[in-house]
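Beneath this line is the structure, given in structure tokens, with notes to follow.
The values are calculated or read from the model by the stated rules, or taken from the named source; none is laboratory data. As the structure is a prediction and not an experimental result, all values here were calculated from the model. Ideal geometry is used to build each Cβ from the backbone, glycine not excepted, and the neighbour counts take in all protein chains shown.
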Amino acid sequence: MNKPEDIKTKRDVVDHLLSHRSRHPVRENVNASAPANIALCKYWGKRNTELNLPVTDSLSLALGHLGSNISLSMGHKNDSVVLNDRELKPTDPFRVRTLDFLNLFRENQDEFHVVAQNTIPTAAGFASSASGFAALVFALDQLYQWDLDQRSLSILARLGSGSACRSVFEGLVIWHAGTSDDGMDSYAEPLGQQWPELRIGLIILSEEQKYIGSRAAMLRTVETSPLYQAWPDTVERDINEIQDAIADTNFSKVGRIAERNALTMHATMMASDPPIMYWLPDSLRTIKRVWNARDEGLDVFFTMDAGPNVKLLYEAHEQKHVLEYFPELVTTDG
Ligand code: DP6
């Protein structure tokens, strides 16, 4: 077992968590899936870029049946990655990220065959990498029969993509930023409160790849935005208040906090140099429609991530009315 001060790289974390476990695959072929998640209080900025350690806590809601399914097998001649029925070229960024992650775990020359199916648009700000890495960690846990606890699975998923540590769980989830340099206290866990009425619907405005990935955008914001210094206090306040609002099942309050948290994140990145602006004219039009609907008495709020698409937040009993205002809404309740 490594001492905390010896844990500096992803590989160190893997060696630490798997110290007494086998690195020889026990099964030949496994299948796993994980839900996508949308943050109501966002993760934006790292204190450690190697280990994906965040500056702040964040809080999310899982998207039920929308997410990733991964089948993983070994013993092939070459590595291969198939995404949504298409075999990816060696230079494809999704393939590179997936194999970089798998390389943290393999000790012999076994080759991986990965078949990933996303039920959510890939790389258009719909957190497909979060569900993808969480599903990959579940698959590895089965393949090697490690039987890891949920905290360890969450930490391993975080190494693939920060927000993936939240996709290890269903429902409302909090990711504790932690303070230690080795990140062993930076993991997600379920909030412990069920709120089955809470819904997120998707307004898909563009399925194009992001013009700048969230990883690079986050770094640029931390390094250049003069507004970033206000972000940690903002999130701390929002996380505290939203947890109280969730405990009270006060939907309007949850929606208000989620909306202002997303807008503060976007304002902070817009102030970067060069600026980061994910919005399209249609994004702003959609925001205005949400505000108009609210003025007319509909309890609906929005959030946005690293892309132009808009996610609507509402309660299940309002879904019919939300669909009247937003017929293009993609619902996520199955
Ligand atoms: C805007 O988890 O994709 O969706 O850790 O660099 O892989 P990396 O970033 P990623 O960032 C997600 C950012 C966000 C907010 C959130 O999900 O909390």
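Observations on the structure shown:
- Scanning region 316-330 for residues that are assigned to a loop (DSSP other than H, G, I, E, B) and in contact with a Leu (Cβ under 8 Å, 6 or more places away or on another chain), we see that the one that is modelled with the highest pLDDT is Phe326.
- Test: Tyr228 is within 16 Å of the ligand (Cβ to nearest atom), among the aromatic types (Phe, Trp, Tyr), under 30 Å from Lys3 (Cβ atoms) and in contact (Cβ under 8 Å) with a residue 24 or more places away in the chain: no
- Filter result for Asp185 (touching a helix residue (DSSP H, G or I) at 6+ places or on another chain (Cβ under 9 Å) and part of a loop (DSSP other than H, G, I, E, B)): no
- Looking across region 191-202, the residues that are away from the ligand (no atom under 16 Å from the Cβ) and not in a loop (DSSP other than H, G, I, E, B) come down to Leu198, Arg199, Gly201.
- Residue in region 158-174 that is more than 25 Å from Leu312 (Cα to Cα), among the hydrophobic types (A, V, I, L, M, F, W, C), in a loop (DSSP other than H, G, I, E, B) and more than 10 Å from the ligand (Cβ to nearest atom) present: no
- Looking only at region 44-61, and only at residues there that are under 13 Å from the mean Cα position of the chain (by Cα) and not in a loop (DSSP other than H, G, I, E, B), the one that is farthest from the ligand (Cβ to nearest atom): Leu61
- Against the list (1) touching a strand residue (DSSP E or B) at 6+ places or on another chain (Cβ under 8 Å); (2) surrounded by fewer than 24 Cβ atoms within 10 Å (Cβ to Cβ), the condition Ala130 fails is (2).
- Hits in region 214-225 (condition: β-branched (Val, Ile, Thr) and within 12 Å of the ligand (Cβ to nearest atom)): Thr221, Val222
- The residues of region 62-112 that are without any contact (Cβ under 8 Å) to a residue 12 or more places away in the chain, of a type in the set (S, T, N, Q) and not in a loop (DSSP other than H, G, I, E, B) amount to a single one, Asn103.
- Test: residue in region 16-38 that is more than 18 Å from Gln142 (Cα to Cα), in a loop (DSSP other than H, G, I, E, B) and within 9 Å of the ligand (Cβ to nearest atom): no
- Of the helices (runs of 4 or more DSSP H) lying entirely inside region 209-291, those carrying at least 3 residues that are at pLDDT 95 or above and over 17 Å from Val55 (Cβ atoms) are 231-247, 251-270.
- Annotation note: Cβ proximity below 6 Å between a residue of region 144-165 that is closer than 25 Å to Gly45 by Cβ and of a type in the set (D, E, K, R) and a residue that is near the ligand (Cβ under 8 Å from one of its atoms) and part of a loop (DSSP other than H, G, I, E, B) (sequence gap 6+ or interchain) occurs for Arg158/Asn52.
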